[in-house]
Amino acid sequence: MILAASIDYSAAQAWSDLSQIAPIAAVTVTLLVAIVLDLLLPEPASGRIVALTCATGLFVALGMAVNFWLGGGGHSAYFGFATGDEFALFFEVLFAVLGILTIGISHSYLRRRGLLEAEFHILTLAAVIGMMVLASATSLVSVFLGLELLSIALYISSGYVRSSTASQEAGAKYLLVGGFASAFVLYGMALTYGATGSTLLPEIARRVTVESAGNTLLLLGILLMGVGFAFKVSAAPFHMWTPDVYQGAPTPVTAFMSVGTKAAAFAMIIRVFSAGLPHLAGEWLWLLAFVAASSMVVGNLMAIVQNSVKRLLAYSGVAQAGYILVGVLAGGKQGIGAVLFYLFAYLFMNFGAFAVLSALTTQAGEADRMEDLDGLAYRHPFMGVLMTVFMLSLAGFPPLAGFFGKLFLFTAAVSAGWTWLVVLAVLMSAVSVYYYLRVVVHVWTPVVQPERLPSQPGPLVAIGISGLLAILLGLYPSLLLGLGIMGGGTALAAGP
């Protein structure tokens, strides 16, 4: 009788735990099915079928995450190593949407470049799983596992074009720098474990008190983790890899990683610092403030002199990391909610810009120069208009999503006492208007004989969805706020 009760309890507990990571499980099963299909089916049929399979799996994961999110979120699972709370579900929705959009722009790109398709989509799914694990991880161990799964998939994807020296260089640089960043994170986690005796974030939060500020081992662990996280989020002064990797990697990979890596890294930062080390906020807040200020200054000033659109958007991403860190510094329900809103808006406005570049790619290579955008509004009015929307939204022009995202971030920061950082952010936002409008000027530059671009259903749908949401989230931010997004990090905001 006792054995039967134990077995029943274990089975029930296992099912309960699995339900908390159901979206991750759905994508993982899809990944395994896609690998088998790629082995069994010949090219080019395998590419199309694997793409359809991956998209279907991501739609299933998206549906699960939305259903659980609307149901109020979940609880801790697997002995405290993961959770299905609202914070995790929000990011699972974001990553599922990102994966679907990436598959949408990749199919035609891979065909034009003559690249294998099935393997690319499989790597994309592996990266999505790593991102989802990072968002749901509540232990330093599971955080690192998610980080490495994400990183390894992106190392391979960055060097996916084996015939391109630029792509191979991007993969090698990302691997080397990413390896250093992972080493910093792992060493910092080891020191934190040594100082606290636990890898579980809730347990660390209970054991670390204000008096722990004198623990040199713990402070060194926080510093090393902060350096590693800054690498992953493309924040200055640890941003050196970003422009080279963004420029050399295939454009769909750049689009995917420019949003996904940043969002996953911020989920990791909020989990580890805000939820795991709230009583040492006085120590890590100033570290993040320095990184935020450096990112906004370096990113915006370096973007001004770029003639490569991908490098310009890479430095723009560095600056955007600084803006988002302002919300992390604000903390609380308002600050974390502003970060979540901005990351969701950033998904569409930044991904949409790279999706346009992907659609312009030809067999000869990437459309990366400013001159490649000349007359886009006349060659393809749909993409020209939406590229303008994406640039204006990134610059923070009202009434687009980027404006309200920055408004929420800066308002939260002023309320938390970070006025000097907000003043710097506003000044740097004004600087950014110059290089974003440079892109707009090229888009609307008249050309003598504009050559009409071919129709590409997948990229055009992805660009259209991104443009529509970049506009709607600006005109009606309540579309997202009404779903409780500002409260998605409420549990995490209980600290500083």
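The values are calculated or read from the model by the stated rules, or taken from the named source; none is laboratory data. Keep in mind that this is a model prediction, so the values were computed, not measured. All Cβ positions, even for glycine, are placed from backbone atoms using ideal geometry, and neighbour counts span all protein chains on display.
With respect to the conditions (1) closer than 30 Å to PRO250 by Cβ; (2) surrounded by fewer than 18 Cβ atoms within 10 Å (Cβ to Cβ); (3) hydroxyl-bearing (Ser, Thr, Tyr), SER106 falls short on a single one, namely (2). Identification of helices (runs of 4 or more DSSP H) wholly contained in segment 1-91 with 3 or more residues that are closer than 20 Å to ALA127 by Cβ and touching a residue at least 40 places away in the same chain (Cβ under 8 Å) yields 22-40, 45-70.
Restricting PRO399, PRO457 to residues that are more than 15 Å from ALA319 (Cβ to Cβ), surrounded by fewer than 20 Cβ atoms within 10 Å (Cβ to Cβ) and touching a Leu at 6+ places or on another chain (Cβ under 7 Å) narrows the list to PRO399. Among residues of segment 248-269 that are closer than 21 Å to GLY226 by Cβ, those with a beta-carbon under 7 Å from a residue that is among the hydroxyl-bearing types (Ser, Thr, Tyr) and outside any helix (DSSP H, G or I) at least six positions away or on a different chain give the pairs LYS262/SER234. Return a yes/no flag: does segment 224-243 have any residue that is among the hydroxyl-bearing types (Ser, Thr, Tyr) and under 16 Å from SER158 (Cα atoms). Yes.
Within segment 170-189, residues that are in contact (Cβ under 8 Å) with a residue 12 or more places away in the chain and of a type in the set (Lys, Arg) sit with their Cβ atoms under 8 Å from residues that are surrounded by fewer than 22 Cβ atoms within 10 Å (Cβ to Cβ) and part of a helix (DSSP H, G or I), at 6+ positions apart or across chains, in these pairs: LYS173/TRP241; LYS173/ASP244. Residues of segment 199-239 that are assigned to a helix (DSSP H, G or I), within 26 Å of the chain's Cα centre (by Cα) and not hydrophobic (A, V, I, L, M, F, W, C): PRO202, GLY221, GLY226, GLY228, LYS232.
Where residues in segment 48-103 are over 19 Å from the mean Cα position of the chain (by Cα) and among the polar types (S, T, N, Q), which of them is surrounded by the most Cβ atoms within 10 Å (Cβ to Cβ)? Step by step, filter segment 48-103, then rank; the result is THR83.
Within segment 443-452, identify whether any single residue is crowded, with 17+ Cβ neighbours inside 10 Å, in contact (Cβ under 8 Å) with a residue 60 or more places away in the chain and within 30 Å of ILE103 (Cβ to Cβ), and answer yes or no. Yes: one or more hits. Of all the numbered requirements in (1) among the basic types (Lys, Arg); (2) within 25 Å of the chain's Cα centre (by Cα); (3) outside any helix (DSSP H, G or I), LYS173 misses one, and that requirement is (3). Taking GLY332 as the residue in question, decide whether it is of a type in the set (Gly, Ala, Ser) and at positive phi. For GLY332, the condition - of a type in the set (Gly, Ala, Ser) and at positive phi - is met. The conditions of being among the acidic types (Asp, Glu) and closer than 23 Å to PHE95 by Cα are met by GLU148.
With respect to being surrounded by fewer than 24 Cβ atoms within 10 Å (Cβ to Cβ), touching a Ser or Thr at 6+ places or on another chain (Cβ under 8 Å) and not polar (S, T, N, Q), TYR187 falls outside the description. Can you confirm whether PHE397 is part of a helix (DSSP H, G or I), aromatic (Phe, Trp, Tyr) and modelled with pLDDT of 90 or more? Considered against the rule, which asks whether it is part of a helix (DSSP H, G or I), aromatic (Phe, Trp, Tyr) and modelled with pLDDT of 90 or more, PHE397 comes out as no. Only residues that are out of contact with any helix residue (DSSP H, G or I) (no Cβ under 8 Å at 6 or more places or on another chain) and assigned to a helix (DSSP H, G or I) were counted across segment 410-447, and they come to 5.
Screening VAL298 with (1) surrounded by 24 or more Cβ atoms within 10 Å (Cβ to Cβ); (2) more than 19 Å from ASP372 (Cα to Cα); (3) β-branched (Val, Ile, Thr) gives one miss only, at (1). Among the residues of segment 134-170, write down those that are under 16 Å from TRP241 (Cβ atoms) and in a loop (DSSP other than H, G, I, E, B). Correct list: GLY159 only.
Among the residues making up segment 418-442, those that are among the aromatic types (Phe, Trp, Tyr) and touching a residue at least 40 places away in the same chain (Cβ under 8 Å) are TRP418, TYR434, TYR435, TYR436. With respect to the conditions (1) closer than 15 Å to GLY299 by Cβ; (2) modelled with pLDDT under 90, LYS232 lacks only one, and its number is (1).
When segment 367-388 is limited to residues that are in a loop (DSSP other than H, G, I, E, B) and of a type in the set (Asp, Glu), the one that is surrounded by the most Cβ atoms within 10 Å (Cβ to Cβ) turns out to be ASP368.
In segment 194-208, the residues that are of a type in the set (D, E, K, R) reach residues that are buried (at least 20 other Cβ atoms within 10 Å of the Cβ) and part of a helix (DSSP H, G or I) with C-beta atoms within less than 6 angstrom, at least six apart or across chains, in these pairs: ARG207/THR196.
For segment 214-237, a residue qualifies if it is small (Gly, Ala, Ser) and in contact with a helix residue (DSSP H, G or I) (Cβ under 6 Å, 6 or more places away or on another chain), and the qualifying residues are GLY221, GLY226, GLY228, ALA230, SER234, ALA235, ALA236. Restricting attention to segment 343-366 and to residues that are outside any helix (DSSP H, G or I) and surrounded by fewer than 24 Cβ atoms within 10 Å (Cβ to Cβ), the residue that is modelled with the highest pLDDT turns out to be LEU360. The residues in segment 306-342 that are farther than 22 Å from VAL433 by Cβ and either modelled with pLDDT of 95 or more or part of a helix (DSSP H, G or I) (or both) can be counted, and the count is 11.
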